[in-house]
Amino acid sequence: MSTSVQAYIAENYGVMLESHTDPLFTMAGQLLLTEKGMQELITAYSPLMKALEPAAAGAYLISRLGGLNAAMQYMITHDELFDLSPELWSLQMYRSEKGFIEFRIVLQELRKLNGPPCGLRSEWREEHLSHWYAGTIRPIAEAIAVAVDIDINHLWKIIPMRLRFIFGQWKEANTSEEWHARYEEDYLFVTKELKGEVFGRLRNPLYVKVVTLDYPGNPGEPDTKIKMKTACCMYYRTEGGQYCYTCPRMKPQEREERKEQLRVQFAEAAVARIVAK
C-alpha cells in the first residue's frame, strides 16, 4: 500500500490506524452488521445529531458511513487494496473542534491484499466490490433498516449521492485523460454493471437518474443548475431542520417559494456587504 493512498483515505475519509484521543463512542466494526449492535449505535447517535425519530438517525448514519465506502472505492479504483473486513476495524464518534459529530474508522492493522493480476483488472474489481457490498455494506444497510424501521430502498438511494460526489472530486483533482477514463469506467461499473443480487435486490440500486434544478444566483448573476438528491436525507426530522432545497420530497411549488426566499436573502446579504465597506 503506497503511503499516498493510505494518507488520502485517512485525510479524506477518516480511515486510519490512529484512534481518536477523546471518542464519544466506540464500537467494533462487526457489531454494525447485527441488529443488536445497530440498535446500540442508533441509541448513541440519535441524541448527538438531534434526531426527532430513529429513522432520521438511520438515514444520517448510512450517509456518514459513505466515508468508509469511499475509502474502499478509492483503493479499488487506484488498484491498491488493504482489508477493510469489519472484524479489522472499529467505529468511533467524536466531536470536532467546530462542534460537529464526526466518524472515524480505526484499523487494527494494515493488511495488504493483492492488486489486480495483469490483464484481469475487471475480474479483480468485480470480485472485490461484490464481496464488499454483499458482505459489509448490505448487512449494515439491512441492520439499519430493521433497527430504525425504515424502507431499505430509501437507504440504498442515499448511497449514490456520495459516490457521484467522490468521483467528481477525483476528476477535478486529476487532469490526466487516462485517469478520467478510469474514473468514468469504474463509476459506470459500480452503479450499472455490478449485479443486483450483490445488494439483495433485483437490480443495482446505485444507479439513479440525474435530475437537475435551477438554483438562484446572487444579484446580477444567472441562476445555476444543481443536482437533486437521490433520496431525502431526513434533515427535516432533526431539531430545527427543514426540507433541503434539493430534496426529492419537496413539491415544485414549495421549491419555487424557497427559491424566491433565497433571492431575497442573497439580495439582503449583498446590500449588507456594500454597507460594511
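The values are calculated or read from the model by the stated rules, or taken from the named source; none is laboratory data. Keep in mind it's a predicted model, so treat the numbers as computed, not measured. Because the Cβ atoms are built from the backbone with ideal geometry, glycine has one as well, and the counts that use them run over all protein chains shown. Please note that ligands, DNA and RNA were not included when accessible areas were found on the heavy atoms of the full protein model with its side chains. Shrake-Rupley method; radii C 1.70, N 1.55, O 1.52, S 1.80 Å.
For this structure, a couple of remarks:
- When 29, 67, 58 are checked against the criterion of being surrounded by 21 or more Cβ atoms within 10 Å (Cβ to Cβ) and either closer than 20 Å to residue 163 by Cβ or of a type in the set (Asp, Glu) (or both), a single residue qualifies: 58.
- Residue in the stretch 204-225 that is open to solvent by less than 40 Å² (accessible area, probe 1.4 Å), in a loop (DSSP other than H, G, I, E, B) and touching a strand residue (DSSP E or B) at 6+ places or on another chain (Cβ under 9 Å) present: yes
- Residues of the stretch 1-44 that turn out to be small (Gly, Ala, Ser) and under 23 Å from residue 114 (Cβ atoms), as a count: 5
- Residue in the stretch 19-32 that is of a type outside the set (A, V, I, L, M, F, W, C) and touching a helix residue (DSSP H, G or I) at 6+ places or on another chain (Cβ under 7 Å) present: yes
For (1) within 25 Å of residue 43 (Cα to Cα); (2) in contact with a helix residue (DSSP H, G or I) (Cβ under 9 Å, 6 or more places away or on another chain), each residue gets a yes or a no:
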position: 75; (1), (2): no, yes
position: 78; (1), (2): no, yes
position: 88; (1), (2): yes, yes
position: 94; (1), (2): yes, no
position: 105; (1), (2): yes, yes
position: 112; (1), (2): no, no
position: 119; (1), (2): no, no
position: 123; (1), (2): no, no
position: 134; (1), (2): no, yes
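- Residue check for residue 37: touching a Phe, Trp or Tyr at 6+ places or on another chain (Cβ under 7 Å) and surrounded by 15 or more Cβ atoms within 10 Å (Cβ to Cβ): no
- Taking the stretch 153-184 as the range and being acidic (Asp, Glu) and within 20 Å of the chain's Cα centre (by Cα) as the test, the residues that pass are 172, 184.
- Matching option when the condition is over 18 Å from residue 60 (Cβ atoms), of a type in the set (Asp, Glu), open to solvent by 10 Å² or more (accessible area, probe 1.4 Å) and part of a loop (DSSP other than H, G, I, E, B), among 197, 126, 109, 178: 109
- Test: residue in the stretch 241-255 that is of a type in the set (Gly, Ala, Ser), in contact with a Pro (Cβ under 8 Å, 6 or more places away or on another chain) and in a loop (DSSP other than H, G, I, E, B): no
- Selection of the stretch 129-162 for residues being more than 26 Å from residue 11 (Cβ to Cβ), in contact (Cβ under 8 Å) with a residue 24 or more places away in the chain, of a type in the set (Val, Ile, Thr) and in a helix (DSSP H, G or I) yields 144, 146, 148.
- Some residue of the stretch 55-71 being over 18 Å from residue 138 (Cα atoms) and among the β-branched types (Val, Ile, Thr): no
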